[in-house]
Amino acid sequence: MNLVVAVDEKWGIGYKGDLLVRLREDLKNFAALTRGKTVVLGSNTLATFPGGRVLKGRRNIVLNPDPDYAPEGATVAHSIPEALELIEAAGSDNVWVIGGMSIYRQLLPYCRRAYVTRIKADFKKDAYFPNLDADPAWRCIFKGNDHYSRPGDKLGELASGRVPDNVSFCFTVYSSDPADF
């Protein structure tokens with residue numbers, strides 16, 4: 001199983017229920033990685049999608065403990081063990097964890113690779129991803145070239161209180177598989 005996430009300099013991933021940024025190039029990368037695969041997400045993350053609808057072209061496994069929760073087009077798992085059974089049936093190489101914070105934390109130990117967009121800015125944030133650089137079980141095995149935000153990209157407010165004109169970011173891959181080290 002893999003995961004995909006965008007983090008700022010301090011491993012922040014969200015603020016007030018929304019992403020810190022929406023970078024078209026990052027969204028294209030997300031789509032390329034997950035299209036045709038199974039994605040695993042929490043119901044709060046699903047609620048932030050346009051119309052609260054599942055992602056098209058993917059099997060969506062949504063975690064929510066409510067037995068009456070039934071979003072259209074999703075397979076619902078009511079617990080992590082139930083989600084893991086569904087993931088195993090899907091073939092873990094075809095599964096992508098896509099958030100939010102609680103789901104990332106609970107499923108990170110089961111993931112082999114983390115595809116992390118590293119945004120070189122410090123945004124206001126209240127949701128975090130675990131710092132993989134500080135975790136001895138994980139190593140960065142790929143760091144791409146710097147990219148830059150473009151006009152029309154949504155940039156959140158920095159910790160300093162201002163909204164930047166642009167930001168740089170890079171695509172990285174972390175692995176927990178010793179064979180990759």
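Loop-located chymotrypsin sites (Phe, Trp or Tyr not before Pro) in the stretch 18-105 (DSSP state not H, G, I, E or B) with no more than 15 neighbouring Cβ atoms inside 10 Å: Tyr69. Of all DSSP bridge pairs formed entirely within the stretch 1-136, close to 15 percent run antiparallel. Scaled against 2.2 N^0.38 Å for its residue count N, the alpha carbon radius of gyration of the stretch 2-180 is 1.01. Over the stretch 2-180, Cα pairs under 8 Å with separation of 6+ residues give a relative contact order of 31 percent. The angle between the Cα long axis of helix 80-90 and the longest principal axis of the Cα atoms of the chain comes to about 90 degrees, rounded to the nearest 10. Specify which residue in the list Ala89, Val62, Asn29 is farthest towards the positive end of the charge dipole of the chain, using unit charges on the beta carbon of Lys, Arg (+1) and Asp, Glu (-1), about the Cα centre. Farthest towards the positive end: Asn29.
We did not get these values from a lab; they are worked out from the coordinates using the rules stated. The structure presented is a predicted model; accordingly, all values stated were derived computationally and were not measured. So basically every Cβ, Gly included, is an ideal-geometry build from the backbone, and we count neighbours across all protein chains shown.
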